[in-house]
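Enquirer: Structure below; questions to follow.
Any read-out appearing in this document is the output of simple, stated calculations on the displayed coordinates, not a laboratory observation. These numbers come from a predicted model, not from an experiment. Glycine also receives a Cβ, built like all others from the backbone with ideal geometry; neighbour counts cover every protein chain displayed.
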Amino acid sequence: MSDSTAAPTRRIPATAREHRSDIWLAAALFVAAVLSTALGAAAGVFGEDTPGMEWGLVYAAALTIPLAVRRRYPEIAAILVALAFFVAGSFRLPELYVGNIALFIAMYTVGAWVDDRRRATIVRVAIIVGMFAWLLVTMFQAATAPADEVGFSRSGAFSPFVAFMLMQLLVNVAFFGGAYYMGDRAHGAALQRAALQHRTAELEHEREVTAAQAVALDRVRIARELHDVVAHHVSAMGVQAGAARAVLERDPDAAREALLGVEASARSALDELHQLLETLRTPAGETPDASTVRLADMEQLVEHARENGLPTTYTVVGDPVAALPPVVQVNVYRVAQEALTNARRHGGPDATADVRLRYEPDAVELEVANTGRSSAPVRAGLGIVGMRERAAVSGGTIEVGPRSRGGYLVRLRVPVEQSAPAETAGVSA
């Protein structure tokens, strides 16, 4: 198990509010201990031979002050409270109730707040052993004391004295066992809360990372679409504008036709940009109309390449898939568009291109090959990066590189689910 998913071994530290509540608890128990001592002295719990009230104040302070820092120093607080309880009992201070409450709280705190479970066990077991040793000593003293000093009859196999001693023993077992058990349960529950908080923080972090990744993917998708649309049409406009400039003086009609091509390319670019913006504004990325490019538009793309100075042939092999996902159609179209744009820009004036769209039973394959210069750029441009991204998004593979006999080759293969064939498309060249 990795560190990021391992269960916490330390509980959440106490808050400032919890520390303040410990101080108020200690103050309340101090007042209660003073009142209990005074009332016990007045009631003659241990007879006339008991320490004065000033010792009762000292005892109340020694018993309760450690509880003010019980969550900061739980082991020290428990030991001090146990010592105060022992001294008070040994010197017959007339206080019977608050000391038991304070000792229970101190024992519970060790079990609930000490993350080192071995140390928590040692401290609690040491206190319990000491208290039971003290109890056994007092029981032995009572058993060997004169009958008139005990106050209980010892006659019979199960005398009132034996019953009282057993009751004392069972009460102490329940007292210390309860403090031990409840402390462990509280610590376990605190670890579960810490684990839940840790997991909640991890999920929140994962949500933020996922949101950031989604934004990054959207940015990449927008950049890819803008590049494909703008690069294709601006490249065509550059070729047409260059042709118009070359023939402007000697053949005004040809220049006019070239400028009309520039205007048409500009309008097409604006239309596609408008469509892209509408798509981005639509919830869930759904297009508001049916104007998204499809494989059926491939012939128009090839015709556009021919009109802009790149002689291109187009061949469809096999029966088109009827239910080809729109995202696959768009990505295949854009890869063909980028490949033709690169052929027109880098292939040289004599370059030609051949586009083949092949439908197989389990895949669609696009192959765009061009003649002309095949010198590869020093690093892949945004267009090649975009083609690889589109192939990955569609779950396909792509090969991009120069051919041994000259020119460049782009081959995209996208797996598709089995589907009924559509009408057989014609073959154009």
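Enquirer: Within the stretch 65-105, list the chymotrypsin sites (Phe, Trp or Tyr not before Pro) lying in a DSSP loop whose Cβ has at most 14 other Cβ atoms in a 10 Å radius. Write down the numbers at each step before the final one.
Expert: On the way: sites: 85, 86, 91, 97, 104; in loops: 91, 97.
Taking the stretch 65-105 and a limit of 14 other Cβ atoms within 10 Å, the loop chymotrypsin sites (Phe, Trp or Tyr not before Pro) found are 91, 97.
Enquirer: Arrange the peptides 384-391, 339-346, 356-363 so that the one whose residues have, on average, the most other Cβ atoms within 10 Å appears first. Working shown, then result.
Expert: Working: 384-391: 20.2, 339-346: 22.9, 356-363: 14.9.
Packing order, densest peptide first, comes out as 339-346, 384-391, 356-363.
Enquirer: So how do 367, 257, 204 line up by other beta-carbon neighbours within 10 Å, fewest first? Show your work: numbers first, answer last.
Expert: Working: 367 19, 257 15, 204 10.
Ascending number of Cβ neighbours within 10 Å: 204, 257, 367.
Enquirer: Now for a different question. Taking neighbour counts of Cβ atoms within 10 Å as a proxy for exposure, in what order, fewest first, do 265, 21 appear?
Expert: Details: 265 23, 21 13.
So the ranking, lowest neighbour count to highest, is 21, 265.
Enquirer: What order do you get for 90, 268, 404 when you list them from fewest to most C-beta neighbours inside 10 Å? Display every interim value, and only then the final one.
Expert: Details: 90 10, 268 17, 404 7.
In increasing order of surrounding Cβ atoms, one gets 404, 90, 268.
Enquirer: Relative to the present Cα-Cα distance, how much length would full extension add between residue 405 and residue 12 at 0.36 nm per residue of separation? Present the calculation step by step, with values, prior to reporting the outcome.
Expert: Values: separation 393, 0.36 × 393 = 141.48 nm, distance 6.99 nm.
Gain on stretching residue 405 to residue 12: 134.5 nm.
Enquirer: Net charge within 13 Å of residue 116 by Cβ-Cβ distance, Lys/Arg positive one each and Asp/Glu negative one each, not counting residue 116 itself?
Expert: Spelling it out: positives minus negatives among the neighbours equals +4.
Enquirer: Also, quick follow-up: Report Rg (one decimal) and Dmax (nearest whole number) for the stretch 16-206, counting Cα atoms only, units Å.
Expert: Using the Cα atoms of the stretch 16-206, the pair Rg, Dmax is 19.9, 76 Å.
Enquirer: Report, by chain and number, residues whose modeled amide H sits under 5 Å from the one on residue 317, excluding near sequence neighbours (fewer than 5 apart, same chain).
Expert: 357, 358, 359
Enquirer: Moving on to the next point. Once you place label points 7 Å from the Cα toward the Cβ at residue 76 and residue 139, how far apart are they in nm?
Expert: Output for this residue pair reads 3.5 nm.
Enquirer: Treating only the Cβ atoms of Lys and Arg (+1) and Asp and Glu (-1) as charged, compute the dipole magnitude of the stretch 1-135 about its Cα centre; round to the nearest 20 debye.
Expert: Working: 12 positive and 10 negative charges, 115 e Å.
In debye, rounded to 20, the stretch 1-135 gives about 560.
Enquirer: Please give the FRET efficiency for residue 307 paired with residue 223, using the beta carbon to beta carbon distance and R0 = 30 Å, rounded to the nearest 0.05.
Expert: Working: r = 27 Å, r/R0 = 0.92.
Computed FRET efficiency for residue 307 and residue 223 comes out at 0.65.
Enquirer: Quick one: plug the Kirkwood hydrodynamic radius of the stretch 22-131 (C-alpha pairs) into Stokes-Einstein at 4 °C, 1.567 mPa s, and report D in µm²/s. Don't jump to the answer; show the numbers that get you there.
Expert: Numbers: Rh = 14.0 Å.
Estimated via Stokes-Einstein, D reaches 93 µm²/s.
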